[in-house]
Amino acid sequence: IAALNEDNYTWVLSRLAIELDEMPYQYEEFSIQTWVENVYRLFTDRNFALIDKEGRKIGYARSVWAMISMNTRKPADLLTLHDGGIMDYICDEPCPIGKPSRIKITSTEPVTSLIAKYSDIDINGHVNSIRYIEHILDLFPMEMYREKRIRRFEMAYVTESHYGDELNFFMDNAGNDMYDVEVKKNGGEVVCRSKVIFTKK
């Protein structure tokens, strides 16, 4: 990031899907393996494996990233930067979980709203991608987390929001412990969408 920032570029997360067979316990050691699966002109696919202390792969993630200009906020052409050197990092490593899906919301009434505050903002000056995830997880009651855990979680980021924006959260119960969430800012523009799938502990 520091090297990219010198040229006024940064990476932004576009889509994310995480699927876990089980969760590590608190204070239990685990490791993360990561690799590049594909590179396109404007996006790159990066996958992850969550490995427990015994060396077993207990979860995977798929993510899609874009490199944007910090001046124009528009994506860079990855195939021309550094003569397409990013292609050298592609690995032929399988990732057994499905790619992020298309998420559609029908609900027209927000379940909650909040104003983006100081702690929501990251070094790029907009609401941090993790903060959206935290706010979405807060939509579910504590009782649900006592009985169930998240098996699959997806995020699709559409546009940025900033300090002082009003964020409205809409949610559909799709059945089978599956929920679709959409976040809009200032009464209209979609910021991100999410899919949350629970399973019994």
List pairs: first residue in region 112-133 and under 19 Å from Phe153 (Cβ atoms), second residue aromatic (Phe, Trp, Tyr) anywhere in the structure, Cβ distance under 7 angstrom, at least six positions apart or on different chains.
Thr112/Phe169; Ser129/Tyr157
For a quick check of your reading of the model, give me the residue pairs whose first member lies in region 67-92 and is closer than 19 Å to Ala3 by Cβ, whose second is surrounded by fewer than 10 Cβ atoms within 10 Å (Cβ to Cβ) and charged (D, E, K, R), with beta-carbon atoms closer than 7 Å and at least 6 apart or on different chains.
Ile68/Lys74
Please state which of the following conditions Lys148 fails to meet, knowing it meets all the rest: (1) out of contact with any strand residue (DSSP E or B) (no Cβ under 8 Å at 6 or more places or on another chain); (2) more than 22 Å from Ala66 (Cβ to Cβ).
(1)
Lone qualifier among Val12, Val36 - being outside any helix (DSSP H, G or I) and in contact with a helix residue (DSSP H, G or I) (Cβ under 6 Å, 6 or more places away or on another chain):
Val36
Within the group Ile58, Ile68, Ile86, which residue is out of contact with any helix residue (DSSP H, G or I) (no Cβ under 8 Å at 6 or more places or on another chain), among the hydrophobic types (A, V, I, L, M, F, W, C) and in a helix (DSSP H, G or I)?
Ile86
Regarding Arg146, is this residue at negative phi and within 17 Å of the chain's Cα centre (by Cα)?
no
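To keep it simple, each residue is scored yes or no on (1) modelled with pLDDT of 95 or more; (2) more than 16 Å from the chain's Cα centre (by Cα); (3) among the aliphatic types (A, V, I, L, M); (4) crowded, with 16+ Cβ neighbours inside 10 Å.
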residue	(1), (2), (3), (4)
Val127	yes, no, yes, yes
Phe153	yes, no, no, yes
Leu167	yes, yes, yes, yes
Phe170	yes, yes, no, yes
Asp180	yes, no, no, yes
Cys192	yes, no, no, yes
Take the residues in region 98-125 that are charged (D, E, K, R) and open to solvent by less than 40 Å² (accessible area, probe 1.4 Å), then tell me which one is farthest from Glu189 (Cα to Cα).
Asp122
Quick one: Pro24 ticks every box in (1) assigned to a loop (DSSP other than H, G, I, E, B); (2) in contact with a Leu (Cβ under 9 Å, 6 or more places away or on another chain); (3) within 30 Å of Gly125 (Cβ to Cβ) except a single one, so which number is it?
(3)
Hits in region 182-201 - residues which are farther than 19 Å from Ala61 by Cα and among the β-branched types (Val, Ile, Thr):
Val183, Val190, Val191
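The values are calculated or read from the model by the stated rules, or taken from the named source; none is laboratory data. The structure displayed is predicted, hence computed values, not measured ones. In this analysis, Cβ positions are derived from the backbone assuming ideal geometry, glycine residues included, and neighbour counts consider all displayed protein chains. For the accessible areas, the whole protein counts, side chains as well, though only heavy atoms, and no ligand, DNA or RNA atoms are used. Shrake-Rupley method; radii C 1.70, N 1.55, O 1.52, S 1.80 Å.
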